[in-house]
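Undergrad: I have a structure I would like to understand better, so I am pasting it below and will then ask my questions one at a time.
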Amino acid sequence: RPKAIIFDLDGVLTDTSEYHFQAWKHLADDEGIPFTREENDAHLRGVGRRDSLMYLIRGRQYSEEQIQEMMERKNRYYNALIEKMTPDEIVPGGIDLLKEIRAAGIKTAIASASKNCRTVVERLQIAPYFDGIADGYSVVNGKPAPDLFVYAAGLLHTPTVACLGVEDAAAGIEAIKKAGMRAVAIGPEERFQGADKVLPTLDHKRLSDLLED
Ligand code: G6P
Ligand code: MG
């Protein structure tokens, strides 16, 4: 039984991964760059802002100034989408799951690569359910580097081997495994490699669903 459970935010606790996709799609359309949902899931899901843009513009010539401007533009599109979020956009049954975990004496944290993590947590009003938050300001190396999960475990004063990580992105599962944690993947089986358990969705899940093999 883990001493702590560390959740990714976007695409796990809430469907903001869809908003990230829509914002990247908007930017890609602006720039006349072809971009599909399948490419998003394979290459951008869970990946940081600059790395995501680097994938999108691969093989094209842009100056650093243009790159900065495009990252800001995508972020504006994303912020316009999350601005309207309400607490009912938490995954169905998510609050009950978080309450159950904490009632069982297990600590909780968020490990998100996003610099907008705090805003989303505020919109969802879920801050009281977490003992720590690691976000896009916490570490230099994003996922698939293990840093965000290791940092989150540190916030909880819990050894990484005693933690369980929950992720919807291939890069995130890689990060969790590199951190030495048990990894639960949320999404289609074919998206992941090396996850200890795959659940198609986190909707209405109980603590036991995360623990059992
Ligand atoms: C999360 C999301 C990614 C996003 C990254 C950076 O990992 O899953 O889609 O690119 O955070 O987010 P930011 O809000 O800082 O651009
Ligand atoms: Mg995610």
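Bear in mind these aren't lab numbers, they're just calculated from the coordinates by the rules spelled out. Predicted model, so just to flag it, every value in this text is computed and none were measured. Every residue, glycine among them, receives a Cβ derived from its backbone with ideal geometry; neighbour counts consider all protein chains shown.
Undergrad: HN-Hα J couplings of the stretch 117-133 from phi, Karplus 6.51/-1.76/1.60, θ = phi - 60°, integer Hz, Gly and Pro as x?
TA: For the stretch 117-133, the Karplus curve yields 3, 4, 4, 5, 4, 5, 4, 7, 6, 10, 3, x, 8, 10, 8, x, 9 Hz.
Undergrad: Exactly which chymotrypsin sites (Phe, Trp or Tyr not before Pro) in the stretch 38-145 are in a DSSP loop and have at most 11 other Cβ atoms within 10 Å?
TA: Details: sites: TYR55, TYR62, TYR77, TYR78, TYR129, PHE130, TYR137; in loops: TYR62, PHE130, TYR137.
Those satisfying the criteria are TYR137.
Undergrad: Take the residue pairs LYS99/LYS197; LYS84/LYS107; LYS107/LYS178; LYS74/LYS197; LYS3/LYS177; LYS25/LYS205 and return only those whose Cα atoms are more than 27 Å apart. Working shown, then result.
TA: On the way: LYS99/LYS197 22 Å; LYS84/LYS107 30 Å; LYS107/LYS178 21 Å; LYS74/LYS197 33 Å; LYS3/LYS177 17 Å; LYS25/LYS205 31 Å.
Over 27 Å apart, Cα to Cα: LYS84/LYS107; LYS74/LYS197; LYS25/LYS205.
Undergrad: Explain nothing, just the number: dipole magnitude of the chain about its Cα centre with +1 on each Lys and Arg Cβ and -1 on each Asp and Glu Cβ, in debye rounded to the nearest 20.
TA: 580
Undergrad: Okay, next question. Run lengths n ≥ 4 of DSSP H only: what is the helix-derived mean residue ellipticity at 222 nm for the chain, with -39500 (n - 2.57) per run over all residues, to the nearest 500? Spell out each step's value before the answer.
TA: On the way: 8 runs with 84 residues, N = 213.
Theoretical 222 nm ellipticity from helices: -12000 deg cm²/dmol.
Undergrad: What spacing in nm lies between the two simple spin-label points modelled at ARG58 and ARG73, each 7 Å away from Cα in the Cβ direction?
TA: Output for this residue pair reads 2.1 nm.
Undergrad: Same structure, new question: Tell me which residues come under 5 Å, amide H to amide H, from LYS115 once H is placed; ignore anything under 5 positions away on its chain.
TA: Those lying under 5 Å, H to H, from LYS115 are GLY136.
Undergrad: In sequence order, what are the phi-derived ³J(HN,Hα) couplings for the stretch 13-21 according to the Karplus relation 6.51 cos²θ - 1.76 cosθ + 1.60 with θ = phi - 60°, rounded to whole Hz, with x for glycine and proline?
TA: Per residue, the Karplus-derived 3J(HN,Hα) values read 7, 7, 8, 5, 4, 5, 5, 4, 4 Hz.
Undergrad: Quick one: what are the phi-derived ³J(HN,Hα) couplings along the stretch 199-213, Karplus 6.51/-1.76/1.60 with θ = phi - 60°, whole Hz, x for glycine and proline?
TA: 10, x, 8, 9, 4, 6, 8, 10, 3, 4, 5, 7, 8, 5, 7
Undergrad: For the pair ASP131 and GLU31, how long in nm is the line joining their label points, each one 7 Å along Cα→Cβ?
TA: Calculated label separation equals 4.1 nm.
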